[in-house]
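What follows is a short report on a single structure.
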Number of protein chains: 2
Amino acid sequence: MARTRTADKAYHHGDLRSALLEAADGLLEDRGVEAFTLRECARRAGVSHAAPAHHFKDVRSLLTAVAAGAFQRITASMRACKAAASPDPLAQLQGAGEGYIAFALREPQHFYLMFRCSVVDTEDPELAASGREAFLELERPVAALHRVDDAMADDEGSIDAVLLWSLVHGFAHLYLDGRLSQRADLDAAALAERVIQRTLAALGANLPAGR
Amino acid sequence: MARTRTADKAYHHGDLRSALLEAADGLLEDRGVEAFTLRECARRAGVSHAAPAHHFKDVRSLLTAVAAGAFQRITASMRACKAAASPDPLAQLQGAGEGYIAFALREPQHFYLMFRCSVVDTEDPELAASGREAFLELERPVAALHRVDDAMADDEGSIDAVLLWSLVHGFAHLYLDGRLSQRADLDAAALAERVIQRTLAALGANLPAGR
DNA sequence: CAGGTCATCTTGACGTTGACAAAATAATCT
DNA sequence: AGATTATTTTGTCAACGTCAAGATGACCTG
C-alpha cells in the first residue's frame, strides 16, 4: 500500500525471515522475554500479525532461532577474549570465562532466553549445535590444561569443565539479577575477572605447571 | 451454590489467600512459570477467575509471594544439609552448597521463579528479606572459613562468597536445563558433590588450615 | 434478633495475545 | 501471457489479565 520501504526494501520476496529475526532481537532486548510478543514483533517488522507464521511455526520456533543466533555470538565473544589473551592455557581459560560473562552483560535478555528451556525448543538441531559449540569453547581449554598433567584422570578434567561453566554461568545470572551488587566498588567485569582468577589460581595450584 | 466444600472448608472467610498460594505452588511445579495462569490457579482453588484480585494485586504479586516461600525453603534446605555435616567450616560450606542444589533439583520451577526478576517484584520487602537470608546461609560459613586466616583480606572472603554462590547457582541452572548430562554416570547430587568438593579443596589449599 | 456495614466473591466486559482458516496479492515458471 | 505457487493480509477463535459492578455471606451495633 502507501508504505515507504526505505532501506530494508523488498519485503515481499525480500527476506522477511531475517527482518523478523532482527525485529525479535530488538524487541527482546528492549522489553525482555516475558513481554515478548509475536504480534509486536510483526508490527516492528512492518507486517501483519499473521505474517510470521509462514517463516516460523510458532513463537517458540522464532525464539529458538533467536537463541541459536545468540549462542553463536557468545561463542564469538569467548573467542575474541581468548584471542586477546596469552596462549597459556590458564589465560585462555580466563579469556573464555570473561567472554562468556561479557556477552551476558552485553545482551542480558538474549542470555536469559538461551537457557529458558520452556520457551525455546531444545530439540532444535540448529540450537543444539550452536549450544554445544559454545560449551566447547570452555571445555577445550580445560582439556588443554589437563593434558599437561598425565597423572590427572580425564574424569577430573570433565569435573573442572562443569565447575567452570557453572561458575561463569551462575555469576552471569546472579549479577544480572542484581544479587551481586554488594560489591559496588567493582564493576561487573572487574568482579568477574577476580572471581575467575581466584578460581583458576586455586585450581591451577593443583596442577603441576601451576601459573 | 450447590458446591460441596469437603476438606478445605470455609472459603468464604476461610483463607483463600493460603489456598491460592497452595494452588499456585502446585500449578507452578506442574506446568512451569511460562504456563502459569492466574485463572487456572483460581480454578484449582475452586474460585472464580477474579477472586484472587482481593488477595493479590497482580499475578506478579502472587508469584512474588510464592517466590518468597521458596526462598524460605531453600534456606531450610541448606540448614538441613549443614546440620547433617561436621562442624568443620569446610564441611559446613559443602553442606550449604549441596542444600542449595538439592532444593533446586527438588523444586525446579520454584527455583526458576525465584530468580526471574521480570516476573517477580524484587522490591517486595518480604521477598528481599527471604532472599537475603538465603544468601547468608552461604556467606556465613565462608566468613567463618576466613576468620581462621588473619592474613587474608576480607576482600578475598567476599570474593569467595560470590564464587561459591555463582558455582552452585550456575550448576543448578545448567543441570536443570539438561546441559550437564554428558556425565550420565553420575546423578545430579553426586556430580554436585564432586564439583563442590573439588572447588573447596582447591580454595582450601590456599588457606592455612587446609582440609 | 433486626438492620446495616463491610469484606469477600461472582459475573460480565474490554483489550490483547497466539493460532488457525480463507481470501488476496505478487513472484516465478512454462 | 497465463497458471501455479509462495507469500502476506484479513478475519475469527478461545484464553488470558485486569477492571467495574453486582451478589453474597459474615460481623457488629443497637
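The values are calculated or read from the model by the stated rules, or taken from the named source; none is laboratory data. All of these numbers come straight from a predicted model, not from anything done at the bench. So basically every Cβ, Gly included, is an ideal-geometry build from the backbone, and we count neighbours across all protein chains shown. Only protein heavy atoms, including side chains, enter the accessible area calculation; ligands, DNA and RNA are left aside. Shrake-Rupley method; radii C 1.70, N 1.55, O 1.52, S 1.80 Å.
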Within straight-line cross-link reach of A:Lys82, aspartates and glutamates at Cα separation under 16 Å, skipping those fewer than 8 residues along the same chain: A:Glu98, A:Glu133, A:Glu137, A:Glu139, A:Glu193
Inter-copy separations for A:Thr122, label at 7 Å along Cα-Cβ, nm, ascending: 2.5
A versus B: buried accessible surface, summed, Å² (probe 1.4 Å, to nearest 100): 3900
Three-way shape label, the protein assembly as shown, alpha-carbon gyration tensor, a/c 1.5: oblate
Most mobile listed residue (B:Pro87, B:Pro52, B:Pro108) in chain B, GNM with C-alpha springs under 10 Å: B:Pro87
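Which order do B:Arg79, A:Arg179 take when ranked by solvent-accessible area (1.4 Å probe, heavy atoms of all protein chains), largest first? If you can, show how the numbers build up before the last one.
Working: B:Arg79 110, A:Arg179 60 Å².
Final ranking, largest accessible area leading: B:Arg79, A:Arg179.
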Whole-Å distance, taken between Cα centres, linking region B:105-178 and region A:37-105: 26
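Nearest 500 deg cm²/dmol is fine: what mean residue ellipticity at 222 nm does the protein assembly as shown get from its DSSP H runs of n ≥ 4 alone, each adding -39,500 (n - 2.57), divided by its residue count?
Values: 16 runs with 276 residues, N = 422.
It comes out at -22000 deg cm²/dmol, rounded to the nearest 500.
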Carbon plus sulfur fraction of accessible area for chain A, probe 1.4 Å, in percent: 53
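If you place +1 on the Cβ of every Lys and Arg and -1 on the Cβ of every Asp and Glu, how big does the dipole about the Cα centre of the protein assembly as shown come out, in debye to the nearest 20?
1300
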